[in-house]
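Input: a single structure, listed below in structure tokens.
Bear in mind that the values in this text are calculations on the coordinates, not laboratory data. Bear in mind that the values here come from a model prediction, so they are computed numbers and not experimental data. Cβ placement follows ideal geometry from the backbone for every residue including glycine, while neighbour counts extend to all protein chains displayed.
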Amino acid sequence: MIVYVVDTETTGLNGCDRGDRVVDIGIVEVDTERGTVIPVYSQVVGYDVSGWSEDQKNAWIFGHSDLTLDMVARAKPLEEIARDVRLILDGHVAASYNEEFDFGKFLCKSPWDVDCVLAPDIMLRAHRLIDGDYLFSDGSTSWPKLETAYRGLCPDDPAHLDGPQAHRALSDAVVASHVMLALIGRGEYPDRLDCFERSSFSVFAREGC
């Protein structure tokens, strides 16, 4: 089965409804039977940044990766990239590491309007095996960060990180793809289409599968 694993980098955590913008997107094609991970799309998202707020111009991503505000200002326009992304994802199976964020707050909303079949969230499934960094009073832990899950599940470094997480969309999508394959190998992630539900994110993939 083919699953498209997606990652976005954004100007904030609140979503496009509250003024945040996707500034980098990466998509990887994963063949769950062959175990292959093939990058298929990577693009900085272009905007007219002259009217952006100081919070947007100084977003976390610009200080923690090699992505710059100038790259965003010179990039291919949002409308063209959104069209490209829909051509790849619409009608196909997709997943991400934290779908509530990537799809729920951005890609399933305007102007992206992606209409895909959501596989189970890679992060939620990874949490079955990997603890997060924070311990709650009930003994549970927070969701594991992507790099934490990757280091725990992929000790051979199949994504060839050779160091810390890059915090660029395509690189992170490749890392998340290998986490998904590791979970499949451990029987913790479904590779059957009947476990997934077509949705505009109002209905999540069934966690029981």
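Look at [x] 16.6, 49; [y] 20.3, 71; [z] 17.3, 56: the one that is Rg and Dmax of the Cα atoms in Å derived from this structure is [x]. Between TYR41 and ILE27, the built amide H atoms are under 5 Å apart, and every one of these is 5 or more places off in sequence or on another chain. Which aspartates and glutamates, on any chain, are close to LYS145 with Cα under 15 Å apart, when same-chain ones fewer than 8 places away are left out? Excluding near neighbours in sequence, the set is ASP7, GLU9, GLU99, GLU100, ASP102, ASP121, ASP131, ASP133, ASP172.
With a Förster radius of 41 Å applied to the beta-carbon distance between LYS57 and ASP31, the computed FRET efficiency rounds to 0.55. Taking every C-alpha pair closer than 8 Å and separated by at least 6 residues, the mean separation divided by the residue count of the stretch 24-70 gives a relative contact order of 27 percent. Span-like helix check, the chain: qualifying full DSSP H segments, with Cα axial length of 18 Å or more and mean Kyte-Doolittle of -0.5 or more, are 169-185. The aspartates and glutamates whose alpha-carbon is closer than 13 Å to the alpha-carbon of LYS57, local same-chain residues fewer than 8 away aside, are ASP20, ASP48, ASP70.
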